[in-house]
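The values are calculated or read from the model by the stated rules, or taken from the named source; none is laboratory data. Bear in mind that the values here come from a model prediction, so they are computed numbers and not experimental data. Note that each Cβ is placed from the backbone with ideal geometry, even for glycine, and that neighbours are counted across all protein chains shown. Heads up: the accessible areas ignore ligands, DNA and RNA and are worked out on the full protein's heavy atoms, side chains in. Shrake-Rupley method; radii C 1.70, N 1.55, O 1.52, S 1.80 Å.
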Amino acid sequence: MAVRVLSGTRATNKLHIGNLFGALENWKKFQSEEAFYMIADWHALTTEYASKMAVKDNVTEIVLDYLACGLNPDICTIFVQSHVHEHAELALMLSMITPLSWLERNPTFKDQIKEQKGKDLHTHGFLGYPVLQAADILLYQADIVPVGEDQLPHLELTREIARRFNHLYGETFKEPQAALTKIKKMPGTDGRKMSKSYNNCIYIADSDNETEKKMKNMVTDPARKRRQDKGHPEVCPVCYYQGIFNTDEVEKLKQQCREAHIGCVDCKKKCIEKVNVFLKPMRERRDYYKTRSAVVNDIVSKGAQQAQRIAAATLTKAKGAIKIL
Ligand code: TRP
Ligand code: SF4
């Protein structure tokens, strides 16, 4: 039997190459299983509730990114969280049994409050973020949840909530497992972890020129100030990219860097070209769907129907267990 797979992204920003290698590459591998890939628009509101941006515009951008990356709607289900109302309903149910202390000690809660300065995140919705995420996963009785490493605390909470529910009301939910990619932390153009809040991202939707501009300004080995200085490629984010996008040449380039036989400008030039070549088919697919909104709407509305069939059955089962039905 195929394993059931579920994952999602918050509808806050377009996908960047960190998302691609941290999670989406795995989503693609699992799409021949029974896979559900969601755009979490409710989750976007946990931090963006005061933003003037329309959440649904972000949703569309992310659907385009999913399709661009190579998710195939003929074999996997692509859907929007709020289109399947069972997510909100199960989240409410799970909130009844989730101890506050579990949510307060959630490391991502503390990190985000520090990181997203300027936003008041002392809300019920933001504290309850992992409860909603648990509902997303448990509704599908998912076996596997392919995510980035930063999501592991949420996965653990999901398992704890499932266990508590099963203990209180009888075996209802399956405990899911996380699946991580080999590439865990993609550096951004400033060398820190790639993240929208650091403004250091290379987006799938960027043009070749934008990519070039960003990468020309990318940090390199900070100790290599002059062309004749010998470099330390192992600390250089450009070299990290070479290892992903330019696997044939990376060892040679490292050697040349260590001996100061290549300068950063030339090294970057090679890297930029490879990144753009890699992203080209994705960008073309994105452009294709961007001009075909009826096709895209059809994909997510079919997706919602397919998702709801499973979600509704699980919700009925959970309501029966908790004796509300
Ligand atoms: N919290 C995830 C993120 O920030 C997004 C998400 C929402 C998710 N619901 C999910 C991921 C369910 C996996 C499964 O990327
Ligand atoms: Fe980095 Fe390349 Fe410069 Fe070496 S030559 S420091 S690997 S950009």
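Residue pairs whose Cβ atoms lie under 8 Å apart, separated by 6 or more positions or on different chains, with the first residue in the stretch 244-260 and more than 12 Å from ligand 2 (Cβ to nearest atom) and the second not in a helix (DSSP H, G or I), are 244/183. I'd like the full set of residues that are assigned to a helix (DSSP H, G or I), at pLDDT 95 or above and over 22 Å from residue 23 (Cα atoms), limited to the stretch 104-147. Scanning the stretch 104-147 gives 104, 124, 125, 126, 127. If you go through the stretch 142-175 and pick out every residue that is in contact (Cβ under 8 Å) with a residue 60 or more places away in the chain, open to solvent by less than 50 Å² (accessible area, probe 1.4 Å) and not aliphatic (A, V, I, L, M), you end up with 7. Pairing residues of the stretch 73-91 that are within 13 Å of residue 309 (Cα to Cα) with residues that are part of a helix (DSSP H, G or I) and acidic (Asp, Glu), at Cβ distances under 9 Å and at least 6 apart in sequence or on separate chains, gives 83/41; 87/136.
Looking only at the stretch 148-171, residues that are within 13 Å of residue 108 (Cβ to Cβ) and assigned to a loop (DSSP other than H, G, I, E, B) come to 1 in all.
For the stretch 238-245, the condition holds for no residue, the condition being that it is within 16 Å of ligand 1 (Cβ to nearest atom), at pLDDT 95 or above and surrounded by fewer than 21 Cβ atoms within 10 Å (Cβ to Cβ). Has the stretch 282-304 got at least one residue that is closer than 28 Å to residue 208 by Cβ, open to solvent by less than 20 Å² (accessible area, probe 1.4 Å) and within 16 Å of ligand 2 (Cβ to nearest atom)? Checking the stretch 282-304: not a single residue is closer than 28 Å to residue 208 by Cβ, open to solvent by less than 20 Å² (accessible area, probe 1.4 Å) and within 16 Å of ligand 2 (Cβ to nearest atom).
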